[in-house]
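Just below is one structure, and these are the notes that go with it.
The values are calculated or read from the model by the stated rules, or taken from the named source; none is laboratory data. Keep in mind that what you see is a predicted model, and the values were worked out from it rather than measured. Neighbour counts are summed over all protein chains in view; Cβ atoms, including those assigned to glycine, are modelled from backbone coordinates with ideal geometry.
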Amino acid sequence: MDKNTITGLLLIMGLLIGYSLWTAPSKEEIEKQRHIQDSIALVQNQINENLDTNPAPQENAEIVEISVETSSQSQSFEHQKSQYGAFVNASQTPEDTSLIHIENDIYILSISKKGGKVSSVKFKDILTYEKQPVVLFDTENENNIFGFTFFSNYLELNSKDFYFQPSSTQKSWKVTGSDSLQFSMRLYPDLNENEIDSSSYIEYVYTVVGNDFLTGVALRFQGMDKYLNQTQKELSLLWSTQLKRQEKGYKNEKTATTIYYGDNEDVEHLKESDTKTDSINYPASLKWISHKQHFFTS
C-alpha cells in the first residue's frame with residue numbers, strides 16, 4: 001500500500017467521523033425523544049386498562065349475535081307454520097313422552113301423548129295360549145295408525161302427528177268397583193311463537209269404570225273456531241291396526257277377523273275372510289267402528 005492510498009483512507013475515515021458527530025442529536029433532543037416515548041407508553045397503558053375494565057364492545061357483539069339468533073328462530077317458526085298451521089308448538093317433541101296408565105279391575109289402559117290416543121289395552125286376568133296377558137292392540141307399533149284429519153290455515157293435518165297434553169301431571173291412575181274416572185288429553189293451538197292458547201283445544205275425554213270392560217271415548221272441540229277451517233263439516237278417521245295374535249289356531253283366528261261399524265241403529269260388518277281386502281262405503285255418518293277378532297273386539 002503506497003502513501004497516497006493511506007492518505008485517501010484517512011481522509012474518508014475523517015469525513016465519516018465528522019458527519020456522525022454533525023448529525024448526532026443533542027442532549028436536549030435525546031431527552032425530548034425519551035419524553036415522547038414515555039408519553040406514548042403511558043397512553044397505551046391507559047387504553048389497555050380501559051379495555052380490561054369496560055367490556056362494552058364485547059356486550060355489543062353478544063347483542064348482535066342474540067338478535068341474529070332470534071331472527072333465525074322467527075323465520076323457522078314462520079316456515080313451520082306453513083307445515084303445521086296453528087299447531088307448531090304441538091308438533092315439537094316434549095321432554096317427557098312417557099305413557100299415562102289407567103287401571104281398573106279388568107284391564108290396564110295406556111294412553112300416548114303422541115296423538116292423544118290409546119296406546120294399548122292389556123287384560124289383567126285373560127291370557128293367550130302362551131299364558132301371556134292378552135293385549136288387544138299396540139298403537140306404538142309403527143304399522144299401527146290412529147288419528148283424524150282436520151284443516152287449519154287450509155292445511156290438511158292429522159291428530160296423530162301432534163303431541164297432546166294430559167289434563168293432570170299424574171301418570172298412573174287406578175279405579176275399582178262402580179267408581180269411574182274421566183281423563184282428558186288436549187291438543188292446544190299456538191297463541192304465538194312461544195305460547196299456546198290454553199282456552200282453546202281439541203280434546204279426547206276417556207271414561208273408565210272400575211268393573212266394566214267398556215272404555216268411553218269422546219272427542220270435543222273447545223274454542224277452535226278461529227283455528228280450524230269452518231268449511232269442514234265432518235272428520236275423517238285414519239285407523240290402521242296390525243292385530244296381535246291371541247290364539248294357537250292362527251288360521252281360524254285370521255279367518256274370523258273383520259271390522260264392525262254402525263250408526264245409532266244399524267250394525268254392519270265386512271265379510272270375514274283371511275285374505276280379502278275390502279272397504280266401507282256407508283251412506284250415513286258412522287257413530288262407531290271396531291276391529292273384531294275371534295273372541296276379542298276393540
Practice prompt. State whether the residues of segment 125-139 include one that is under 21 Å from Thr241 (Cα atoms), outside any strand (DSSP E or B) and of a type in the set (Ser, Thr, Tyr).
Written response: yes
Practice prompt. Quickly run through segment 113-132 and pick out the residues that are among the polar types (S, T, N, Q) and either outside the structural domain of Asn194 (by TED's automatic domain parsing) or surrounded by 17 or more Cβ atoms within 10 Å (Cβ to Cβ) (or both).
Written response: Ser119, Ser120
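Name the residue, out of Tyr154, Tyr163, Tyr129, Tyr107, that is aromatic (Phe, Trp, Tyr) and touching a helix residue (DSSP H, G or I) at 6+ places or on another chain (Cβ under 9 Å). Write out each step before concluding.
Numbers: Tyr154 fails: touching a helix residue (DSSP H, G or I) at 6+ places or on another chain (Cβ under 9 Å); Tyr129 fails: touching a helix residue (DSSP H, G or I) at 6+ places or on another chain (Cβ under 9 Å); Tyr107 fails: touching a helix residue (DSSP H, G or I) at 6+ places or on another chain (Cβ under 9 Å).
When all the criteria are applied, what remains is Tyr163.
Going through segment 206-220 one residue at a time, which ones are among the aliphatic types (A, V, I, L, M), surrounded by fewer than 16 Cβ atoms within 10 Å (Cβ to Cβ) and more than 22 Å from Asn89 (Cβ to Cβ)?
The answer is Leu214, Val217, Ala218.
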Discussion item. Taking the criterion of being assigned to a loop (DSSP other than H, G, I, E, B) and among the aliphatic types (A, V, I, L, M), would at least one residue in segment 197-214 satisfy it?
Written reply: yes
Worksheet entry | Of all residues in segment 144-184 being outside any strand (DSSP E or B) and basic (Lys, Arg), the one that is surrounded by the most Cβ atoms within 10 Å (Cβ to Cβ) | Lys160
Discussion item. If I filter segment 98-112 for residues that are buried (at least 21 other Cβ atoms within 10 Å of the Cβ), assigned by TED's automatic domain parsing to the domain that holds Ser198, under 16 Å from the mean Cα position of the chain (by Cα) and part of a loop (DSSP other than H, G, I, E, B), do I get at least one hit?
Written reply: yes
